[in-house]
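Structure record follows, encoded as structure tokens.
The values are calculated or read from the model by the stated rules, or taken from the named source; none is laboratory data. Keep in mind that what you see is a predicted model, and the values were worked out from it rather than measured. Virtual Cβ from ideal backbone geometry, glycine too; neighbours counted across all protein chains shown. Quick note on the areas: whole protein, heavy atoms, side chains included, nothing else; ligands and nucleic acids left out. Shrake-Rupley method; radii C 1.70, N 1.55, O 1.52, S 1.80 Å.
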Amino acid sequence: MPQKPLPFTKSQIEKIIKKYPTPFHIYDEKAIRENARDFKNAFSWNKGFKEFFAVKAAPNPYLVKILHKESYGADCSSLAELIMVQKTGILGEEIMFSSNDTPVEDFLLAKKLKAIINLDDISHIAYLEKYAGLPSLICFRYNPGKLKRGNHIIGHPEEAKYGFTREQLFEGYKICKETGVKRFGIHTMVGSNELDPYYFVETAEILFQLIVEISRKLKIKFEFVNIGGGVGIPYRPEQKRIDLKVMSRGIREKYEKIIIANGLAPLKLFAECGRYITGPYGYLVSRVLHIKDTYKRFAGLDSCMANLMRPALYGAYHHITVIGKEHKPHKFVYDVTGSLCENNDKFAIDRKLPELEQGDIIVIHDAGAHGFAMGFNYNGKLRSAELLLRENGEVVQIRRAETVKDYFTTLDFKGLTNFKV
Ligand SMILES: *Cc1c(COP(=O)(O)O)cnc(C)c1O
């Protein structure tokens, strides 16, 4: 049975559960830091390289602070994320603000923080100018449309809601130049959870060529190119990690052939990955609450899709380890479910596992990005705690679990007494 490693032993996790009841998410600081360094080092040939961690993947200020210590910036998409990174101590051009359908309050705060503002649409130029004023540095998100093959999570680029068309880019940079904007960047993000390194080489090539054309035509200079996030992780134990060396070398070759050859260097290379940075190093720890035998065999956990929605949302595979039973024969087939009144609330369907019993500790792997983050309260379900396994082996709680009281804070039960029906 293929396995995925865990950063804790059975007795360690049992000790943690004594203090922090299941379910909870736990993140491995050491692995996150090592991975963050490897990712950064892979692109060291580009002097201006910077990764802006996509906060939406794991919106916890403790994780953002760890990554900032590794010299990462933050990629934010909303007002709340901007406030979170501000409180973490990240400011100015270490923040990339990539939003869409953006409310004015968000632009105002991004501008105040002097974040790099990445516009999703040409109409946002006038909107930003009217309500917040244009910043001196501007970036646009490009949607290559049919020029680029899609990816099953985001879909075909020409059907995606994001970004400027090619023609709109020329028009947009021209308007900004004429309005006095001096500094320029370009961005795209077309795929998600992509494991093919050449996908990103092709993305970079498309952007590099556009930079040549736009800079020539409009006589503007680009400071940076942001190739977005979307670098995938191997959710299945038999899958391989993306080869960063191949990806980096490929992008470097295109940089030399297109950017350097056209006299447009130096150009800073930016990325804004979320999943690749923290995904494999977060775990949802849960217990078996009930075993049920009907037309199928079900193992019901004390967590549900409110704690990890990816399997229900995309049919995504998340590997499962049953603590202490790793070496038992995996010859029992289960649907591993949550407690939501939705039949797609299943962490796994027809999964071969060792025989399960009530109380077994279940670890769901690769929950460190787009895991806790996608949590919700449907069915009155509460978000779990988030824990951090520090490099010295200590465990700290970096977010407490929600309580029923939290769930009711926006309701006024007193008003119900005087509410005549
Ligand atoms: C979601 C998102 C990211 C991060 O995506 P990952 O798949 O976690 O790398 C980066 N940039 C933008 C604009 C996004 O919407």
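You will find that of L195, L207, the residue that is open to solvent by less than 10 Å² (accessible area, probe 1.4 Å) and out of contact with any Phe, Trp or Tyr (no Cβ under 6 Å at 6 or more places or on another chain) is L207 and no other. The single condition among (1) open to solvent by 10 Å² or more (accessible area, probe 1.4 Å); (2) within 28 Å of E81 (Cβ to Cβ); (3) away from the ligand (no atom under 16 Å from the Cβ); (4) outside any helix (DSSP H, G or I) that N262 does not satisfy is (2). Yes or no: I362 buried (at least 18 other Cβ atoms within 10 Å of the Cβ), under 18 Å from S303 (Cα atoms) and either touching a strand residue (DSSP E or B) at 6+ places or on another chain (Cβ under 9 Å) or not aromatic (F, W, Y) (or both)? For I362, the condition - buried (at least 18 other Cβ atoms within 10 Å of the Cβ), under 18 Å from S303 (Cα atoms) and either touching a strand residue (DSSP E or B) at 6+ places or on another chain (Cβ under 9 Å) or not aromatic (F, W, Y) (or both) - is met.
If the condition is being part of a strand (DSSP E or B) and either open to solvent by less than 30 Å² (accessible area, probe 1.4 Å) or touching a Leu at 6+ places or on another chain (Cβ under 7 Å) (or both), then segment 288-317 contributes V288, L289, I291, A299, G300, L301. Counting only residues that are within 15 Å of the ligand (Cβ to nearest atom) and in contact (Cβ under 8 Å) with a residue 60 or more places away in the chain, segment 209-227 holds 2 of them.
The residues in segment 6-56 that are part of a helix (DSSP H, G or I), touching a strand residue (DSSP E or B) at 6+ places or on another chain (Cβ under 9 Å) and within 16 Å of the ligand (Cβ to nearest atom) can be counted, and the count is 6. Taking first residues from segment 68-83 that are modelled with pLDDT of 95 or more and partners that are assigned to a helix (DSSP H, G or I) and polar (S, T, N, Q), the Cβ contacts under 9 Å between residues at least 6 apart in sequence or on separate chains come to H68/T88; A74/T88. Taking segment 57-77 as the search range and keeping residues that are over 16 Å from M189 (Cβ atoms) and among the polar types (S, T, N, Q), which one is farthest from the ligand (Cβ to nearest atom)? Top of the filtered list is S71.
The numbered conditions (1) out of contact with any Asp or Glu (no Cβ under 9 Å at 6 or more places or on another chain); (2) part of a helix (DSSP H, G or I) are all true for G250 except (1).
Whether any residue in segment 215-222 is under 24 Å from E94 (Cα atoms) and surrounded by 20 or more Cβ atoms within 10 Å (Cβ to Cβ) is what I want to check. Taking every residue of segment 215-222 in turn, at least one turns out to be under 24 Å from E94 (Cα atoms) and surrounded by 20 or more Cβ atoms within 10 Å (Cβ to Cβ).
Please verify whether segment 161-178 includes one or more residues that are within 16 Å of the ligand (Cβ to nearest atom), outside the structural domain of H318 (by TED's automatic domain parsing) and surrounded by fewer than 21 Cβ atoms within 10 Å (Cβ to Cβ). Looking through segment 161-178, at least one residue is within 16 Å of the ligand (Cβ to nearest atom), outside the structural domain of H318 (by TED's automatic domain parsing) and surrounded by fewer than 21 Cβ atoms within 10 Å (Cβ to Cβ).
Could you run through segment 265-298 and say how many residues are closer than 20 Å to R183 by Cβ, of a type in the set (A, V, I, L, M, F, W, C) and more than 13 Å from the ligand (Cβ to nearest atom)? Of the residues in that region, 3 qualify.
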